[in-house]
Amino acid sequence: MKAVILGATKGMGRALARQAAARGDALFLLGRNTSDLERSAADCTARTPGQVKVGFATCDLADPDGFDAALDAADEALGGFDTVIVTAGMFGTQEQLEADLDRLRALLTVNFAHTVLFCEAARARLMARGSGTLCVFSSVAGDRGRKPVVLYGASKAGLSAYLEGLDHRYRAAGLVTVCVKPGFVRTSMTEGLTPPPFAGEPDTVASRVLAAVDRGKPVVYAPWIWAWVMWVIRLLPRFVMRKVGF
Amino acid sequence: MDAPPVPPDALDNRESALQRSNTADVGEIGGWGRVMVPGREVRDENLERLTEDAVLCRGLGRSYGDSSLPPPGVSDVAGTTLADRILSFDPETLALRAEAGLSLRALLRVFFPRGYFVPVTPGTTFVTLGGMVASDVHGKNHHCAGTFGEHVTALKMRVADGRIVECTPQQHPDLFWATIGGMGLTGHILEVEFTMVKIPSPWIYMESERVPNIDAYMTGLAEAAQTWPMTMGWIDVLSSGDQLGRGILMRGRWAEPDEAPEGFPEPKSRPGVPFVFPQFALNPLSVKLFNAAYYRKPVGAGITHPEPFFWPLDAIHDWNRIYGPRGFTQYQCVLPKAAGKDAARRFLEVLSRLGGASFLCVIKDCGAQGRGMLSFPMDGISIALDIPVRDDTQQLVDALNEHIIGDGGRIYLTKDNFTRPEHFAAMEPRLEAFMEVRRRWDPQLRFRSAQSVRMLGDPQ
Ligand SMILES: Cc1cc2nc3c(=O)[nH]c(=O)nc-3n(C[C@H](O)[C@H](O)[C@H](O)COP(=O)(O)OP(=O)(O)OC[C@H]3O[C@@H](n4cnc5c(N)ncnc54)[C@H](O)[C@@H]3O)c2cc1C
Ligand SMILES: NC(=O)c1ccc[n+]([C@@H]2O[C@H](COP(=O)([O-])OP(=O)(O)OC[C@H]3O[C@@H](n4cnc5c(N)ncnc54)[C@H](OP(=O)(O)O)[C@@H]3O)[C@@H](O)[C@H]2O)c1
């Protein structure tokens, strides 16, 4: 695999990049902070067999004008990538987002509009070379409109719908889309929130996602138990959803 | 599509992680001995930001007592475990630099299969580099390799005035050596640089031997230390009379390639202790049975897996739960050579007179004292025992402390929850010099822990 990862500086992206590096995949990291990227690239380099140097370039989801240059840099370093992984994203609690419209606008823009723009740029490149994999982190929060995550969930619902559409439209043409739907995972994104039962660890999520990328699975829940949890939640009638707190 | 512009402030979440979390509930936090205090750990990848207003860092919380717990009135400690990147490794010089929250377990997962090992490992891999430095940990090779701190070449630290400084044995040596074994009280360690070692194979050649009593044990330990790079052993503290201190002595070295099995030792699975045991599970009978059974375990010589050799307790997840709801403490002391050949025997006699029972009592000889200003080991023997917390634990620890003070011994801060300030002062002539450096870098004593308030008289 020759993979570009946007969001490898933290959390599940960091875990994923490490596991990919350890098994010898060629990597190129994109993110918004140069010194952080440098450190994460060094970390991946140390984990790659033979300490092969992992490159990086800046790419901020807040700034779509930079997407092409970032992907050019990745293409050049990797000699044409075949996989693009996006773990980057923002979170805010419902209370935070309701209280702060700037933050809400930023979240909706970054998590949905700009992520889609980035994926479109990546998709064009992958399809131009005949095939490739686009793996993007959405969320279980996008599966159903739910009280605690109305706004964040809406941004992820849009993203999930986009990824599902891509799979339907382009799978036959060689584009493999993998939509990852994590449940609650212990990263700094969720630090300070009370973990529900079945909270996951980034490492376990990462190995599950890597396996899904290898097999080209269109949708993957992680930890796996969330597939069943969400199955039940999707079946609950509206009057129940209005009553319950999740 | 024309997306609306994103206001820059909305993305740039620069408030420190400690402030950000202040809405979450303050729960309870404990050391490995599970004696709890109010508090919580706040984690962030960015240690520089996280430590801006922190009074204490905490790694994996494997210190047994209150070293990693917030002082009274402070709720948050800065949890370092998300700051875990390897920053560089030079296969020529073997210099490795990493963020302080990197765990020994994660480090070894990368480097052990490649033929590199840490110069010193404690008895568990669930420790962070920051914790290894702050406690200046020692291992089975202490008599040859010294403590971990002796292999550290540089530390990047946040100090009390807010600056971030690099310290080495040459640059700010006072800060450097006060931090090695300084229990997090001199500043926050952000990065650690140290020298790895190359090993001939990932397997261990080990010999073990059953010894009938403490005198034979001590003689055997001293002999083994002459030729073996790693020694340790275990003592049955419930035996008495002629058999007082009977035990099992182990000595080991890395296996050479021609005697080692093919391939890398398969990682062992880790069953867990699923719940906190009720207090009655641990009683004089179960302890006696455990000790007797352990004494009967097969001994011999041969190639062995590194995991049970270095980290036997890592085999069981959450093993600290067997001590029940009140938790436990570890009493670890070192007795100097000057205390005489019978120092261990006298200690065990005092212990059995006091009725102290322990599942595991580990006795090991130590080499010369290191340069860390409060570093624990010194030339002599170290004795460690796990003690369940009961109503009389304070008296037991007091009595043991009074005994070891008479012998010129001292306790290991990273294990302690009960030592009185006056006892610690009596066993630690280096304390004043340490406090002087600490005050030089942190005049207000901003950096402090539950332990430092309890034992060093730090402001609340
Ligand atoms: C089963 C077991 C076996 C053990 N065997 C040994 C042994 O053989 N030899 C030995 O020496 N020890 C041993 N220990 C003790 C252990 O090695 C130390 O307590 C070690 O410090 C724990 O590391 P930690 O990351 O969990 O640190 P914590 O317990 O979280 O913290 C310990 C101290 O380090 C400080 N600290 C942690 N990170 C930082 C940082 N980034 N900056 C500044 N200060 C920091 C904390 O403030 C605290 O004072 C053992 C412990 C267990 C549970
Ligand atoms: N954690 C969970 O419980 C959970 C649950 C469901 C879904 N998810 C989703 O899973 C993904 C990963 O989550 P995580 O928990 O691993 O998050 P995380 O630890 O907060 O990491 C987020 C990553 O995204 C990057 N990022 C954020 N905004 C960016 C921007 N504007 N431009 C470029 N990069 C940006 C961050 O880079 P910096 O280092 O520069 O900050 C970081 O590397 C996210 O999409 C999240 O929404 C998470």
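Yes or no, residue by residue, for (1) more than 19 Å from B:GLY101 (Cβ to Cβ); (2) in the same structural domain as B:ALA83 (by TED's automatic domain parsing); (3) within 13 Å of ligand 1 (Cβ to nearest atom):
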residue: B:PHE117; (1), (2), (3): yes, yes, no
residue: B:PHE126; (1), (2), (3): no, yes, yes
residue: B:ASP136; (1), (2), (3): no, yes, yes
residue: B:HIS143; (1), (2), (3): yes, yes, no
residue: B:TRP177; (1), (2), (3): yes, yes, no
residue: B:GLU209; (1), (2), (3): yes, no, no
residue: B:MET230; (1), (2), (3): yes, no, yes
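Restricting to segment A:57-74, name every residue that is away from ligand 2 (no atom under 12 Å from the Cβ) and open to solvent by 30 Å² or more (accessible area, probe 1.4 Å). Show your work before the answer.
Quick first cut of segment A:57-74, residues away from ligand 2 (no atom under 12 Å from the Cβ) only: A:65, A:68-69, A:71-74.
Matches in segment A:57-74: A:ASP65, A:ASP68, A:ALA69, A:ASP72, A:ALA73.
Since B:GLN170 meets every condition but one in (1) outside the structural domain of B:ARG85 (by TED's automatic domain parsing); (2) over 23 Å from the mean Cα position of the chain (by Cα); (3) of a type in the set (S, T, N, Q), which condition does it not meet?
The one condition B:GLN170 does not meet is (1).
Just to be sure, is B:MET218 open to solvent by 20 Å² or more (accessible area, probe 1.4 Å), more than 16 Å from ligand 1 (Cβ to nearest atom), part of a strand (DSSP E or B) and closer than 22 Å to B:LYS297 by Cα?
no
Considering each residue of segment A:1-56, count those that are open to solvent by 40 Å² or more (accessible area, probe 1.4 Å), within 14 Å of chain B (Cβ to nearest Cβ) and not in a helix (DSSP H, G or I), and give that number.
8
Take the residues of segment B:182-210 that are surrounded by fewer than 21 Cβ atoms within 10 Å (Cβ to Cβ) and among the β-branched types (Val, Ile, Thr): which is farthest from B:GLU266 (Cα to Cα)?
B:THR195
Tell me which residues, restricted to segment A:162-195, are in a helix (DSSP H, G or I), over 13 Å from the mean Cα position of the chain (by Cα) and touching a residue at least 12 places away in the same chain (Cβ under 8 Å).
Residues of segment A:162-195 that are in a helix (DSSP H, G or I), as a first pass: A:162-173.
Filter once more, so that each one left must be over 13 Å from the mean Cα position of the chain (by Cα): A:162, A:164-173.
Within segment A:162-195, A:TYR162, A:GLU164, A:LEU166, A:ASP167, A:TYR170, A:ARG171, A:ALA173 qualify.
Report yes if some residue within segment A:101-110 is within 14 Å of another protein chain (Cβ to nearest Cβ), touching a residue at least 12 places away in the same chain (Cβ under 8 Å) and out of contact with any helix residue (DSSP H, G or I) (no Cβ under 8 Å at 6 or more places or on another chain); otherwise report no. So that I can check it myself, show each step before the final result.
As a first pass, look at segment A:101-110 and keep what is within 14 Å of another protein chain (Cβ to nearest Cβ): A:101-110.
From what's left, touching a residue at least 12 places away in the same chain (Cβ under 8 Å): A:104, A:106-110.
Among the residues that remain, those that are also out of contact with any helix residue (DSSP H, G or I) (no Cβ under 8 Å at 6 or more places or on another chain) are: A:109.
Yes, there is a match, as at least one residue in segment A:101-110 is within 14 Å of another protein chain (Cβ to nearest Cβ), touching a residue at least 12 places away in the same chain (Cβ under 8 Å) and out of contact with any helix residue (DSSP H, G or I) (no Cβ under 8 Å at 6 or more places or on another chain).
For segment B:309-330, which residues satisfy the criterion of being at pLDDT below 90 and β-branched (Val, Ile, Thr)?
Answer for segment B:309-330, where residues must be at pLDDT below 90 and β-branched (Val, Ile, Thr): B:ILE316, B:ILE322.
Hey, can you tell me all the residues within segment B:157-188 that are more than 22 Å from B:THR414 (Cα to Cα) and of a type in the set (D, E, K, R)?
B:ASP161, B:ARG163, B:GLU166
Being open to solvent by less than 10 Å² (accessible area, probe 1.4 Å) and either outside the structural domain of B:PRO325 (by TED's automatic domain parsing) or over 18 Å from A:MET189 (Cα atoms) (or both) is the requirement here; does B:ASP44 meet it? Quick ask: steps written out before the conclusion?
Values: open to solvent by less than 10 Å² (accessible area, probe 1.4 Å): yes; either outside the structural domain of B:PRO325 (by TED's automatic domain parsing) or over 18 Å from A:MET189 (Cα atoms) (or both): yes.
Here the answer is yes, as B:ASP44 does meet what is asked.
Which one of these is more than 10 Å from ligand 2 (Cβ to nearest atom), touching a strand residue (DSSP E or B) at 6+ places or on another chain (Cβ under 9 Å) and not hydroxyl-bearing (Ser, Thr, Tyr): A:PRO197, A:PRO218?
Working: A:PRO197 fails: touching a strand residue (DSSP E or B) at 6+ places or on another chain (Cβ under 9 Å).
A:PRO218 is the lone residue from the list that is more than 10 Å from ligand 2 (Cβ to nearest atom), touching a strand residue (DSSP E or B) at 6+ places or on another chain (Cβ under 9 Å) and not hydroxyl-bearing (Ser, Thr, Tyr).
Can you find a residue that is in contact with a Lys or Arg (Cβ under 8 Å, 6 or more places away or on another chain) and either in the same structural domain as B:ARG163 (by TED's automatic domain parsing) or β-branched (Val, Ile, Thr) (or both) anywhere in segment B:437-460?
Looking for residues that are in contact with a Lys or Arg (Cβ under 8 Å, 6 or more places away or on another chain) and either in the same structural domain as B:ARG163 (by TED's automatic domain parsing) or β-branched (Val, Ile, Thr) (or both), one finds none in segment B:437-460, hence no.
Looking only at segment A:191-205, count every residue that is more than 10 Å from chain B (Cβ to nearest Cβ) and either buried (at least 17 other Cβ atoms within 10 Å of the Cβ) or within 16 Å of ligand 1 (Cβ to nearest atom) (or both) and tell me the total.
Of the residues in segment A:191-205, the ones more than 10 Å from chain B (Cβ to nearest Cβ) are A:195-201, A:204-205.
Checking which are either buried (at least 17 other Cβ atoms within 10 Å of the Cβ) or within 16 Å of ligand 1 (Cβ to nearest atom) (or both) leaves us with A:200, A:205.
Final tally of qualifying residues: 2.
From B:ASP407, B:ASP458, which residue is open to solvent by 20 Å² or more (accessible area, probe 1.4 Å) and more than 19 Å from B:PHE328 (Cα to Cα)?
Details: B:ASP458 fails: open to solvent by 20 Å² or more (accessible area, probe 1.4 Å).
The unique qualifying residue is B:ASP407.
Is there a residue being without any contact (Cβ under 8 Å) to a residue 12 or more places away in the chain and within 13 Å of another protein chain (Cβ to nearest Cβ) anywhere in segment B:150-160?
Step one: list which residues in segment B:150-160 are without any contact (Cβ under 8 Å) to a residue 12 or more places away in the chain, which gives none.
Checked segment B:150-160: no residue is without any contact (Cβ under 8 Å) to a residue 12 or more places away in the chain and within 13 Å of another protein chain (Cβ to nearest Cβ).
For segment A:126-145, what are the residues that are more than 12 Å from ligand 2 (Cβ to nearest atom), over 21 Å from A:ALA62 (Cα atoms) and not small (Gly, Ala, Ser)?
A:LEU126, A:MET127, A:ARG129, A:THR133, A:ARG144
Looking at (1) open to solvent by 20 Å² or more (accessible area, probe 1.4 Å); (2) within 29 Å of B:ALA344 (Cα to Cα); (3) under 24 Å from the mean Cα position of the chain (by Cα), which is the only condition B:ALA293 fails?
Failing condition for B:ALA293: (3).
The values are calculated or read from the model by the stated rules, or taken from the named source; none is laboratory data. Computed from a prediction, not measured in an experiment: that's the story for all the values here. Cβ sites come from the backbone with ideal geometry, for glycine too, and all protein chains shown count toward neighbours. With ligands, DNA and RNA removed, areas are computed over all heavy atoms of the protein, side chains included. Shrake-Rupley method; radii C 1.70, N 1.55, O 1.52, S 1.80 Å.
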